[in-house]
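Visitor: One structure coming up, written as structure tokens, with questions to follow.
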Amino acid sequence: MNVSKVMSDLERKHPGENEYLQAVREVLESIEEVYNQHPEFEKAKIVERMVEPDRVITFRVTWVDDSGEIQTNIGYRVQFNSAIGPYKGGIRFHNAVNLSMLKFLGFEQTFKNALTTLPMGGAKGGSDFNPKGKSNAEIMRFCQAFMLELWQNIGPDTDVPAGDVGVGGREIGYMYGMYKKLAREYNTGVLTGKGMTWGGSLIRPEATGFGALYFTEHMLQKAGKDLKGKTIAISGFGNVAWGAATKATELGAKVIAISGPDGVIYNPEGMTQEKLDYMLELRASNRDIVAPFAEEFKDATFVAGKKAWSIKCDIALPCAFQNELNEADAKELLAGGTWCVAEVSNMGCTPEAIAAFQAAGILFAPGKAVNAGGVATSGLEMTQNAQHLSWSAEEVDKKLHYIMSQIHEACVCYGEQADGTINYVKGANIAGFMKVAQAMLEQGAI
Ligand code: 2IT
């Protein structure tokens, strides 16, 4: 394989799909060396097949807003790769959603799911619907209209969507209600991230953030460090940021920043239970602003228009959106003494930011390893649904912890360098790739 050749072919076929091309390039650059040691992969055209989604479903979603006006959005489901199991991945509602974004997310999901050790293929879906400022009734009508088109393409053994940015427990509930009515199937395993009274798994809401901190703990331990007393800056204040802030605090670190599209909250005293609870309230308000946190808690200050990366910290955890941490942010963090960055959002750092962290020799781990606890716990939710039972929070948390330690091990196995340090980007990409590639090889030319 020649990465430049594969990339120039892809750029010609999919012009302007920048996020997708960025995600593919990162993986191919990481695996090139290993791939070229396996002529059987080259012969089976594994890379050429793996970079294209199995199929893309797009549909129009029409719904009526509270003022009686008809609204139209676009809906998508990108079923990327089914080599190791049924399609699995979240649904994103955000005004910037387009095909490139969902293809990048579906591609990343394929390797992430392979890392979880569970049998799940990769997929992603969503819509350019913007939940900001929408009423509960509008959210419900939109979710119902979205499912009216999606339902025929999903199923507990076919494709199992979950939440992502803009889609939480409430939206999953509305979508499941409509699915059930249309499909006349009552198997709750068709979606994950469900409510606790109807098949949801304990710890799933916390899982992405908790898993990220378990991974970070392993990464620090391997480097002879720990979390106690360390300062952490987190971007975002959604479900993932909340889970990360909760576990970081529990493990003895101090979360000194959270942020939103409007600016950053500087929180020098760290989190308390009230502050963590308030993060959930802020998110539920649907206003997408973090400023009210500083009105509620007098020891915190709000700085408009600034990112979390403007706060001096030991550890940075991007928990919001792709490419939210760029080269200038990376340089600002490095100048402030940051020595560890764990991507919790999918592709949270730009390639230039990652290069800056790697050149500086600080600890850096990519989203597909760090945030895999979310989808891993979705996998555990599917297992519980299939067995018609539910596990205790302790049991799920224990399994999540074990899975994150396995993912860390896999990264070390494939990412250890001659000087003993770990290239986590390489490790995660190669580990995920090897599993999917082997499965594709064994299943023939399909
Ligand atoms: O990016 C992700 O891994 C998710 N949004 C969770 C996907 C899932 O199926 O739980």
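Visitor: Could you tell me what fraction of 2.2 N^0.38 Å the Cα radius of gyration of the stretch 323-446 comes to, as a two-decimal ratio?
Guide: 1.26
Visitor: Also, I was wondering about something else. Can you say what percent of the DSSP beta bridges in the chain, counting only those with both residues inside, are antiparallel? Round to 5.
Guide: Here the antiparallel bridges make up roughly 55 percent for the chain.
Visitor: Using DSSP to define loop residues, name the chymotrypsin sites (Phe, Trp or Tyr not before Pro) in the stretch 184-276 whose beta-carbon has at most 15 other beta-carbon atoms within 10 Å.
Guide: On the way: sites: 186, 198, 210, 214, 215, 237, 242, 266; in loops: 186, 198, 237.
Within the stretch 184-276, the qualifying chymotrypsin sites (Phe, Trp or Tyr not before Pro) (loop, at most 15 other Cβ atoms within 10 Å) are 186, 198.
Visitor: Here's something else I'd like to know. Hey, what do the phi angles of the stretch 18-27 turn into as Karplus ³J(HN,Hα) couplings, whole Hz, using 6.51/-1.76/1.60 and θ = phi - 60°, x for Gly and Pro?
Guide: Once θ is set to phi - 60°, the couplings for the stretch 18-27 become 5, 5, 4, 5, 4, 5, 5, 4, 4, 5 Hz.
Visitor: Moving on. Counting other C-beta atoms within 10 Å, and keeping those with at most 10, which DSSP coil trypsin sites (Lys or Arg not before Pro) do you find in the stretch 294-367? Mind showing how you got there, number by number?
Guide: Details: sites: 298, 306, 307, 312, 331; in loops: 298, 306, 307, 312.
Those that pass, being in a loop and sparsely packed, are 298.
Visitor: 7 Å from Cα along Cα→Cβ at both residue 412 and residue 291: what's the point-to-point distance in nm?
Guide: Those two pseudo-labels are separated by 4.7 nm.
Visitor: Additional query: Could you give the dipole magnitude of the stretch 390-446 about its Cα centre, charging the beta-carbon of Lys and Arg +1 and that of Asp and Glu -1, in debye to the nearest 20? Could you put the intermediate results ahead of the total?
Guide: Details: 4 positive and 7 negative charges, 33 e Å.
It comes to approximately 160 debye.
Visitor: What is the set of long-range amide H partners of residue 255 at a cut-off below 5 Å, with H atoms built 1.01 Å from backbone N?
Guide: The answer is 232, 271.
Visitor: Also, quick follow-up: Using alpha carbons only, how many angstrom separate the centre of the stretch 50-87 from the centre of the stretch 211-267?
Guide: Spelled out, the Cα-based centre of one part sits 32 Å from the other.
Visitor: Another question about this same structure. Which three numbers, in whole Å and largest first, are the semi-axes of the equivalent ellipsoid of the stretch 105-200 derived from its Cα gyration tensor as √(5λ)? Present the calculation step by step, with values, prior to reporting the outcome.
Guide: On the way: eigenvalues 95, 55, 31 Å².
Three semi-axes, in Å: 22, 17, 12.
Visitor: Ok, one more. Taking the Cβ of each residue in 256, 31, 289 as the centre, tally the other Cβ atoms inside 10 Å and list the residues starting with the fewest.
Guide: Going from least to most buried by this count: 289, 256, 31.
Visitor: Hey, got a sec? Which GluC sites (Glu not before Pro) in the stretch 255-298 land in a DSSP loop and have at most 12 other Cβ atoms within 10 Å?
Guide: When the GluC sites (Glu not before Pro) of the stretch 255-298 are filtered for loop state and at most 12 Cβ neighbours within 10 Å, 269 remain.
Visitor: Kindly write out, for the stretch 45-60 in residue order, the coupling ³J(HN,Hα) from the Karplus curve 6.51 cos²θ - 1.76 cosθ + 1.60 (θ = phi - 60°), rounded to whole Hz, with x marking Gly and Pro.
Guide: 6, 4, 5, 4, 7, 5, 7, 9, x, 4, 7, 10, 10, 10, 8, 8
Visitor: Considering only DSSP beta bridges where both residues belong to the stretch 220-314, give the percentage that are antiparallel (nearest 5).
Guide: Details: 8 of 11 bridges.
Antiparallel: roughly 75 percent of the beta bridges in the stretch 220-314.
Visitor: I need the P(r) histogram for the stretch 33-154: all alpha carbon pairs, bin width 5 Å from 0 out to the longest distance, whole percents.
Guide: 2, 11, 19, 18, 16, 12, 8, 6, 4, 2, 1, 1, 0
Visitor: Choose one of 333, 199, 105: the residue whose Cα lies farthest towards the positive end of the charge dipole of the chain (beta-carbon charges +1 Lys, Arg; -1 Asp, Glu; about the Cα centre).
Guide: Highest projection toward the positive end goes to 199.
Visitor: Using only Cα atoms, figure out Rg for the stretch 15-104 and give it as a multiple of 2.2 N^0.38 Å.
Guide: Values: Rg = 17.4 Å, N = 90, 2.2 N^0.38 = 12.2 Å.
Normalised Rg, Cα atoms only: 1.43.
Visitor: If packing is taken as the average number of other Cβ atoms within 10 Å across a peptide's residues, how do 172-180, 96-104, 112-120 rank, most packed first? Walk me through the numbers on the way to the answer.
Guide: Working: 172-180: 19.9, 96-104: 21.6, 112-120: 24.0.
My ranking of the peptides, most packed first, is 112-120, 96-104, 172-180.
Visitor: Going highest first, how would you order 66-78, 370-382 by mean Cβ packing within 10 Å?
Guide: Taking the mean over residues of other Cβ atoms within 10 Å, the ranking is 370-382, 66-78.
Visitor: While we're on this one: If you average the C-alpha positions of the stretch 419-433 and of the stretch 114-173 separately, how far apart do those two centres end up, in angstrom?
Guide: Between the Cα centres of the stretch 419-433 and the stretch 114-173 lies a distance of 31 Å.
Visitor: Assuming a viscosity of 1.002 mPa s and a temperature of 20 °C, what translational diffusion coefficient in µm² per second does Stokes-Einstein assign to the stretch 216-277, Rh being the Kirkwood radius over Cα pairs?
Guide: 179 µm²/s
Visitor: Restricting to DSSP H runs of at least four residues, report the calculated mean residue ellipticity at 222 nm for the chain, -39500 (n - 2.57) per run over all residues, nearest 500 deg cm²/dmol. Please list the in-between numbers first.
Guide: Values: 17 runs with 215 residues, N = 446.
Dividing the helical sum by the residues of the chain leaves -15000 deg cm²/dmol.
Visitor: Additional query: Kindly write out, for the stretch 37-44 in residue order, the coupling ³J(HN,Hα) from the Karplus curve 6.51 cos²θ - 1.76 cosθ + 1.60 (θ = phi - 60°), rounded to whole Hz, with x marking Gly and Pro.
Guide: 8, 10, x, 5, 5, 4, 5, 7
Visitor: Right, something else. On average over all directions, what projected area in square nanometres does the stretch 247-403 have, based on the convex hull of its Cα atoms?
Guide: Values: hull surface 41.8 nm².
Projected area, direction-averaged: 10.5 nm².
Visitor: Same structure, new question: Can you work out D for the stretch 245-324 in µm² s⁻¹ from Stokes-Einstein, where Rh is the Kirkwood radius over C-alpha pairs, the temperature is 37 °C and the viscosity is 0.692 mPa s? Mind dumping the intermediate values first?
Guide: Details: Rh = 12.8 Å.
D, rounded to a whole number, is 256 µm²/s.
Visitor: Give me 111, 59 sorted ascending by neighbouring Cβ count inside 10 Å, so fewest comes first.
Guide: Least crowded to most crowded, the residues run 59, 111.
Visitor: Among 143, 251, 51, pick out the residue whose Cα is farthest towards the positive end of the charge dipole of the chain, where Lys and Arg carry +1 and Asp and Glu carry -1 on C-beta, about the Cα centre.
Guide: It is 143.
Visitor: While we're here: Using Cβ contacts closer than 10 Å as the measure, can you line up 390, 259 from fewest to most?
Guide: Fewest-to-most Cβ neighbours within 10 Å comes out as 390, 259.
Visitor: Moving on to the next point. Taking every pair of alpha-carbon atoms in the stretch 155-220, what share in percent sits in each 10 Å bin, from 0 to the bin with the longest distance?
Guide: Pairs per bin, as whole percents: 19, 46, 23, 10, 2.
Visitor: Using the charge dipole of the stretch 259-375 (Lys, Arg: +1 at Cβ; Asp, Glu: -1 at Cβ; taken about the Cα centre), state which of 356, 290, 367 has its Cα farthest towards the positive end.
Guide: With unit charges placed on the Cβ atoms, the residue in question is 356.
Visitor: Right, another one. Could you list which residues have their amide H under 5 Å from that of residue 85, counting only those 5 or more apart in sequence or on another chain, with H placed in the peptide plane?
Guide: The answer is 121.
Visitor: Determine the principal axes of the Cα atoms in the chain, then give the extent along each, sorted from largest to smallest and rounded to whole angstroms.
Guide: 61, 56, 44
Readers should treat all values here as calculations from the given coordinates under stated rules, not as data from a laboratory. Keep in mind the model is a prediction, meaning the values are calculated, not measured. Using ideal geometry, Cβ is built from the backbone for each residue, glycine included, and neighbour counts are taken over all protein chains shown.
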